[in-house]
Amino acid sequence: MTGDTQQDELEDSKMPLIDHLIELRNRLMWAIGAILIAFLLCYAVSDRIYNFLVQPLADILAGQGRRMIYTGLTEAFFTYVKVAFWAGCFISFPIVASQIWMFVAPGLYKHERKAFLPFLVATPVMFLTGAGIVYYFIFPMAWRFFLGFEFHPGGDGNALPIEFEARVGEYLHLVMSLIFAFGIAFQLPVLLTLLIRVGIISTDALASKRRYAIVGAFIAAAVLTPPDVISQVSLALPLIALYEIAIIVGRRIEKARAASEAE
């Protein structure tokens with residue numbers, strides 16, 4: 001009886017192919033429109049976004065009379081455009097995600113929609129968590145490490161100093177890439193828990209592969225972060241912790257599924 005109810009529910013949600021294409025077009029237009037509006041709004045305040053992104057470096061170099069430079073005539077302009085588009089994608093993500101959800105949800109059963117909705121909410125939360133960690137903890141440590149390689153000669157007049165003068169485009173590209181990388185990396189428990197929920201993997205399999213996961217976490221950290229031990233360990237340890245959290249949450253899901261099947 002339950003299977004018939006689910007089949008009727010799915011049949012009611014079916015629509016012709018042309019209607020699907022029209023629905024997809026409408027959702028894409030809403031998503032693109034949201035990104036465009038957010039981009040224009042962010043470009044209007046791109047100088048403030050720039051100040052926010054450069055603040056970790058400015059705090060370390062405060063009082064030294066340092067500056068950011070650009071070496072191409074159009075570099076500063078396109079840097080502001082990239083910053084505005086990057087921030088616009090952040091701001092418009094909830095609208096884009098809701099449009100994707102409204103397109104996909106009619107093709108799911110009611111219980112499947114309830115199962116996926118928590119993961120849709122958890123995705124931006126975990127992304128912001130990863131972005132916050134890299135901005136407030138990793139950047140200060142990594143920037144101090146790299147600035148430690150500056151060289152100011154003492155009494156030797158023949159030696160040339162090594163002094164940091166950051167190109168604005170390169171610096172902001174590095175900052176935005178690291179924030180994006182940490183945000184994506186923190187989607188690990190969401191992905192693993194979703195795979196457990198749909199039955200593709202099990203917590204026993206994850207637990208048995210724990211040693212490989214630890215190695216993979218350090219490899220991912222070495223690829224995604226600057227080449228210093230502090231940054232790599234700062235990403236690898238949270239990834240390992242998130243892997244364990246996914247196993248704990250997954251076991252609760254499996255217990256709830258087993259109890260439901262028993263009933």
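Before moving on, here are some points about what is shown:
- Residue in region 232-245 that is within 28 Å of ALA76 (Cβ to Cβ), in a helix (DSSP H, G or I) and in contact with a Lys or Arg (Cβ under 8 Å, 6 or more places away or on another chain) present: no
- Looking only at region 54-97, and only at residues there that are of a type in the set (D, E, K, R) and outside any helix (DSSP H, G or I), the one that is surrounded by the fewest Cβ atoms within 10 Å (Cβ to Cβ): ARG67
- Subset tally (residues that are surrounded by fewer than 21 Cβ atoms within 10 Å (Cβ to Cβ) and among the polar types (S, T, N, Q)) for region 224-247: 1
- Of residues in region 146-163 being of a type in the set (Phe, Trp, Tyr) and either without any contact (Cβ under 8 Å) to a residue 40 or more places away in the chain or touching a helix residue (DSSP H, G or I) at 6+ places or on another chain (Cβ under 6 Å) (or both), the one farthest from VAL223 (Cα to Cα): PHE151
- Test: residue in region 229-236 that is within 21 Å of PHE52 (Cα to Cα) and either free of Cβ contacts under 8 Å to residues at least 12 places away in the same chain or of a type outside the set (Gly, Ala, Ser) (or both): no
- With a requirement of 1 or more residues that are of a type in the set (Gly, Ala, Ser) and at negative phi, the helices (runs of 4 or more DSSP H) lying completely within region 129-221 that satisfy it span 139-147, 168-185, 203-208.
- Selected residue (criterion: modelled with the lowest pLDDT) from residues of region 222-263 that are small (Gly, Ala, Ser) and closer than 21 Å to THR193 by Cα: SER260
- Residue within region 85-100 that is modelled with pLDDT under 75 and either of a type outside the set (D, E, K, R) or more than 22 Å from ILE179 (Cα to Cα) (or both) present: no
- Complete set of residues in region 33-85 that are charged (D, E, K, R) and more than 20 Å from GLU165 (Cβ to Cβ): ASP47, ARG48, LYS82
- THR74 of a type outside the set (D, E, K, R), more than 19 Å from PHE139 (Cα to Cα) and in contact with a Leu (Cβ under 7 Å, 6 or more places away or on another chain): no
The values are calculated or read from the model by the stated rules, or taken from the named source; none is laboratory data. The structure displayed is predicted, hence computed values, not measured ones. Neighbour counts are summed over all protein chains in view; Cβ atoms, including those assigned to glycine, are modelled from backbone coordinates with ideal geometry.
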